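Single-structure report; data block below.
What follows is calculated from the coordinates using simple rules that are stated; it is not laboratory data. Note that the coordinates shown come from a computational prediction; the quantities given were computed from them, not determined experimentally.
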């Protein structure tokens, strides 16, 4: 009778450890997704800046050509 109770307790402990690890993974995924969203916004802003500057440069180059 001792061994089945020990196996059940060990199984419960294993499930508890897996639950704790799942919560930690969930928290890290949330943090990573926030960082990816921030990087995406920065890339979008940089792309808009680059496009605006390229347009100005193209206009300046058109004025220089004979």
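Listed values, structure above:
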read-out	value
Identified option (computed mean projected area of the Cα convex hull in nm²; candidates (1) 5.8; (2) 4.9; (3) 4.2)	(1)
Using alpha-carbon coordinates, inclination of helix 2-64 to the longest axis of the chain, degrees	0 degrees
